[in-house]
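Below: one structure, written as C-alpha cells.
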Amino acid sequence: MKKILFISILLVFNYKAIAQKSTSSQAEAFQKGLLYLKEGKLERAFSFFNMANSFGENDEIKALAFHKIDSLLPIIRKNVLKEWKGNWKLKELNYNPFPGSFSDYISFDNDRIVFYKKDSVSNKIITRTEFFRFTSYDPSKSNFDVRKVIFKNEEIWSFTVIKKNRKLRLYPKLIRDSIGRRKVLIDERGMIMDKKLRKKELKKEIYTFYLKDN
C-alpha cells in the first residue's frame, strides 16, 4: 500500500513538474514572439505565437497568442502575395512532383497561379491555371505553414521565396496531391558518415527552384 501511495505521489509530482516546465516554455515562446514582432519579423513572430497557442497549460497565454495570430496572419499573407506576384522562370529542375512535372514558368496574380511554357518565338503556352486560397489556420499544428495554399482539385502546395546569391528564388513544393497522398522529399545527406563528403553534398541544391523573370 505504501509503495502504491509513493508511486502515486511521485506521478503527481512529475506531472506538476512537467506542467510547470510546459507553462514556462509557453511563456518563453510568447515573449520571443513579442520580440520578433517588435523587430518587424512577422513570420518568425507568428511561429512563436503559434507555439504558445499550441502547447502549454496557461489558457490566458493561449488567448493572447491567438489574438496575435489572428491579427498577424492577414498581414503576413498579404506580404506573401506581394512576394510571389509576377513571373518566375525555372532555373534548376532537381526533382519533379509525382504525378506531373514543373512547368518552365510560373506566374502569380492575386489568387491565381498560371503554369506555362514558351514556344520558339516566345509566345506563352499555358499548361495549367489554378485559383487558390490559403489553408485555414490549425492551432493543433505547431509547424503550421502560412504559405500553404489549396487548389480547387484539393492539391496543397507551398511556395517559399528565399534570397540566395543576391537573387530571389521561388521554391514550389507539392505537399498533398488531389487524392490526399502526402508528398515528402527525403533528404538523406545528413546521414553521410564522411564529414567532408557530407559537407560537400549539403552545399548542393536538391529542391527545384525558379528565378524572377523580368
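Provide the convex hull volume over Cα atoms per residue for the chain, in Å³. Display every interim value, and only then the final one.
Values: hull volume 43.4 nm³, N = 214.
Considering the Cα atoms of the chain, their hull volume per residue is 203 Å³.
How much length, in nm to one decimal, is gained on full extension between residue 164 and residue 186, taken as 0.36 nm per residue of separation minus their Cα-Cα distance? Let's see the in-between values first.
Values: separation 22, 0.36 × 22 = 7.92 nm, distance 2.22 nm.
Here the segment from residue 164 to residue 186 would lengthen by 5.7 nm.
Please arrange 141, 62 by accessible surface area, largest first, computed with a 1.4 Å probe and ligands excluded.
The ranking, largest first, comes out as 141, 62.
Taking springs between alpha-carbon atoms closer than 10 angstrom, which of 156, 61, 106 fluctuates most in the Gaussian network model of the chain?
61
Of the candidates 80, 184, 114, which one comes out as most mobile in a Gaussian network treatment of the chain with C-alpha springs shorter than 10 Å?
Looking only at 80, 184, 114, the largest GNM fluctuation is found for 184.
Specify the inter-centroid distance of region 98-163 and region 169-214, based on alpha-carbon positions, in whole Å.
17 Å
If each DSSP helix of 4+ residues adds -39,500 (n - 2.57) and the sum is divided by the residues in the chain, what number results at 222 nm, nearest 500 deg cm²/dmol?
That comes out to -13500 deg cm²/dmol.
Quick one: with all protein chains in place, what share of the accessible area of the chain is carbon or sulfur, to the nearest percent (1.4 Å probe)?
That share works out to 56 percent.
At 1.4 Å probe radius, can you tell me the per residue accessible area of the chain in Å²?
Spelled out: the 1.4 Å probe surface of the chain, per residue, equals 68 Å².
For residue 119 and residue 93, what does the FRET efficiency come to when R0 = 25 Å and r is the distance between their Cβ atoms, rounded to the nearest 0.05?
0.85
Given DSSP loops and a limit of at most 11 other Cβ atoms within 10 Å, what is the longest stretch of the chain that contains no such GluC sites (Glu not before Pro)?
Answer - 40-153.
May I ask you to list, by number, the DSSP H helices of the chain whose Cα span along the axis is at least 30 Å and whose average Kyte-Doolittle hydropathy reaches -1.0 or more? Numbers along the way, then the final one.
Details: long enough: 2-38 (54 Å, 0.35); 59-84 (36 Å, -0.01).
Result, helices passing both filters: 2-38, 59-84.
At a 1.4 Å probe radius, which order do 129, 208, 160 fall into by accessible area, largest first?
In descending accessible area the options line up as 129, 160, 208.
Considering the zone a paramagnetic label at residue 110 would reach in this model (a point 7 Å from Cα along the Cα-to-Cβ line), which residues of region 81-96 have amide N under 20 Å from it?
Residues passing the 20 Å test: 81-88.
Determine, for region 38-113, the count of lysine pairs separated by eight or more sequence positions (or lying on different chains) whose alpha-carbon distance falls under 17 Å.
5
Compute the distance in nm between two label points, each set 7 Å from the Cα along the Cα-to-Cβ direction, one at residue 152 and one at residue 27.
Output for this residue pair reads 5.1 nm.
The values are calculated or read from the model by the stated rules, or taken from the named source; none is laboratory data. Here the structure is a predicted model, which is why all the values come from computation and not from measurement. Neighbour counts are summed over all protein chains in view; Cβ atoms, including those assigned to glycine, are modelled from backbone coordinates with ideal geometry. Protein only, heavy atoms only, side chains kept; ligands, DNA and RNA dropped before computing areas. Shrake-Rupley method; radii C 1.70, N 1.55, O 1.52, S 1.80 Å.
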